[in-house]
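Report on the following structure.
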Amino acid sequence: MDRLRINGGKRLEGVARISGAKNAALPMLAATLLADGEHTVTNVPDLADVRTMLRLLGRIGAYGERGNGRGRHRVTVEVSTDIDPVAEYDLVKTMRASVLVLGPLLARHGRARVSLPGGCAIGARPIDLHLQGLSALGANIRLAHGYVEAKARRLKGGRFVFDTVTVTGTENVLMAAVLAKGTSVLENCAREPEVVELARALVTMGARIEGIGTETMVVRGVEKDALSPMKRAICPDRIEAGTLAIATAITGGDVTLTECEPRHLDALTEKLREAGAEISSLEGSMRVKGPPRPCSVDMRTTPYPGFPTDMQAQLMALCSIANGSSVISEQVFENRFMHVSELGRMGANVRVDGHTAHVKGVERLSGAPVMATDLRASASLVLAGLRAEGSTIVQRVYHLDRGYERLEAKLRKLGADIRRLRQ
Ligand code: UD1
């Protein structure tokens, strides 16, 4: 298993280009299953999770291919009627977002068999709302042998209120509603930029969706042959941009992020300014100048446009060396503080009480061997390593590789002393 070795204390400076968003690419690739023909998606990040989605589509019978060299961010997916609408456990267990094929398969082919994802490192994460939403559109759903078996000759428009705001749940039900007979009204939808991107991509394919970007989406179902293949670019990854912005702030650096969407980062930039960073945004780029030592900030995670749970661990790394005490409240997931004990091994002073972490800033962190248990927790340990004195070894880098495209190469270009140790 690869590891990263970071010798901390280097100030980040320069320009970093932001990649396409993982969480937009995954639903868009799943959405290709809604229409036969050749789909072209550009700005697709080259990541383990995207490779998993392409493998899953391939097993279903929709063959995806990534370009070479400079064209490697371009993916074509060839979809035909000859498919096997199954997502096996071996792939779903490595990536929960595999469940995103359920809605499109059911809507397009009338049946789907998708493994239940099971527990994961950040809590139970059920998919009950995905299933309830599909049932509200007339699907017949049965759980058997660890699989969801869904059937519907043709889905029917219906009304569904999501009990909790769920990103992939909204995406799954939205994709299904596109081909339902009649009108569907989906309420309390997630408004994350990635949901908006998916909805816009569906509209370019021929779907009829109103209320995109709001809590209520109204979907007027269309016939199968009204949909055509997608040609679409993936939006910039706001979580990667946010992670690099915090990396800049934590090292007191000066970095310009290009090909990003600053509007998607408002909740983070507000917190970084409070912490003492200077931030200036232009169309498609953002410059971050970090303070010598950040001030403490309080934060609670909520669905978009609130502060993203996917940036909680990284902000905690910043708070761990802040001047003062911070209170961080995790409201989206039940068990998302696994980075706390590892940050503690680097000298951070964090006490967890239920959904709240109390972070007492220390003057310095010290490098240590650490091990991450999920994607964003790994990112937070890398950020702490950039600031720490001495050498930090981050183990289990495969978590990072799931969601960050060449993170260490981007950080090295900005002046970080970071190397991948291959095994
Ligand atoms: C997506 C993102 C993930 C991000 C998360 C929250 C993708 C591929 N992943 O994950 O990076 O951290 O949104 O912004 O886009 N819930 C239920 N029942 C359901 C579905 C969800 O109770 O059927 C709960 C979850 O347990 C969690 C909350 O709803 O507490 C939000 O989760 P959700 O938005 O569904 O996360 P994902 O879509 O899995």
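How do the peptides 396-409, 222-235 rank, highest first, by the average count of neighbouring beta carbon atoms within 10 Å per residue? Please list the in-between numbers first.
Details: 396-409: 20.4, 222-235: 17.3.
Descending mean neighbour count gives 396-409, 222-235.
Could you list log10 I(q)/I(0) for region 22-233 at q = 0.09, 0.19 Å⁻¹, which the Debye formula gives when each Cα is one point scatterer?
-0.29, -1.48
Return the FRET efficiency for the residue pair Ser135, Lys413: r is the Cβ-Cβ distance, R0 is 60 Å, and the value is rounded to the nearest 0.05. Write down the numbers at each step before the final one.
Details: r = 49 Å, r/R0 = 0.82.
The formula returns an efficiency of 0.75 here.
If R0 is 45 Å, what FRET efficiency do you get for Arg345 and Glu223 from their C-beta distance, rounded to 0.05?
Numbers: r = 58 Å, r/R0 = 1.29.
After rounding, the FRET efficiency stands at 0.20.
What is the distance in Å between the Cα centres of region 129-197 and region 272-318?
So the two Cα centres are separated by 33 Å.
Compute the distance from the alpha-carbon center of region 74-101 to that of region 48-63, in whole Å.
About 5 Å separates the Cα centre of region 74-101 from the one of region 48-63.
With a point put 7 Å past each Cα toward its Cβ, work out how far Arg293 is from Ile393 in nm, to one decimal.
About 3.1 nm separates the two model spin labels.
Build a GNM of the chain with springs between Cα atoms under 10 Å: which of Ala357, Ala25, Ala112 gets the top mean-square fluctuation?
Among Ala357, Ala25, Ala112, the largest mean-square fluctuation in the Gaussian network model of the chain belongs to Ala357.
Calculate for the chain the 222 nm mean residue ellipticity that helices alone would give, adding -39,500 (n - 2.57) per DSSP H run of length 4 or more and normalising by residue count, nearest 500 deg cm²/dmol.
-9000 deg cm²/dmol
Ranked from highest to lowest mean number of other Cβ atoms within 10 Å per residue, what is the order of the peptides 379-388, 150-159?
Working: 379-388: 29.1, 150-159: 17.8.
Result, highest mean Cβ count within 10 Å first: 379-388, 150-159.
Packing-wise, with mean Cβ within 10 Å as the measure, how do 49-58, 130-139 rank, highest first?
Working: 49-58: 20.7, 130-139: 22.8.
The packing order, highest mean first, is 130-139, 49-58.
Placing unit charges on C-beta atoms (Lys and Arg positive, Asp and Glu negative, everything else neutral), compute the dipole magnitude of the chain about its Cα centre in debye, rounded to 20.
Values: 57 positive and 47 negative charges, 137 e Å.
Using only the charged Cβ atoms, the result is roughly 660 debye.
Expected output is a single nm value to one decimal: the length gained when fully extending between Asn323 and Arg55, i.e. 0.36 nm times separation in residues minus the C-alpha distance. What is it?
Numbers: separation 268, 0.36 × 268 = 96.48 nm, distance 4.67 nm.
Extra length available between Asn323 and Arg55 comes to 91.8 nm.
Over 39 Å, how big is the tail of the calculated P(r) for the chain, in percent of all Cα pairs? Please list the in-between numbers first.
Values: 16962 of 89253 pairs.
Roughly 19 percent, rounded to a whole number.
With +1 on each Lys and Arg Cβ and -1 on each Asp and Glu Cβ, how big is the dipole of region 22-233 about its Cα centre, in debye rounded to the nearest 20?
Details: 28 positive and 22 negative charges, 39 e Å.
Roughly 180 debye, rounded to the nearest 20.
Using a 1.4 Å probe on the protein heavy atoms, what percent of the accessible area of region 22-233 belongs to carbon and sulfur? Could the numbers behind the result be given before it?
Details: 3900 of 8470 Å².
Answer for region 22-233 is 46 percent, counting heavy atoms of protein chains only.
Work out how much length Arg11 to Asn335 would gain on full extension: take 0.36 nm times their residue separation and subtract the Cα-Cα distance, in nm to one decimal. Could the numbers behind the result be given before it?
Numbers: separation 324, 0.36 × 324 = 116.64 nm, distance 3.23 nm.
Length gained between Arg11 and Asn335: 113.4 nm.
Which of Lys22/Lys93; Lys271/Lys410; Lys10/Lys271 have a Cα-Cα distance over 20 Å? List each step's numbers first, then the result.
On the way: Lys22/Lys93 18 Å; Lys271/Lys410 23 Å; Lys10/Lys271 23 Å.
Violating the 20 Å Cα-Cα cut-off are Lys271/Lys410; Lys10/Lys271.
The values are calculated or read from the model by the stated rules, or taken from the named source; none is laboratory data. Quantities reported herein were computed from a predicted structural model and do not represent experimental measurements. Don't worry about glycine lacking a Cβ; one is built from the backbone with ideal geometry, like all the others, and counts go over all protein chains shown. All accessible areas refer to the heavy atoms of the entire protein, side chains included, with ligands and DNA or RNA removed. Shrake-Rupley method; radii C 1.70, N 1.55, O 1.52, S 1.80 Å.
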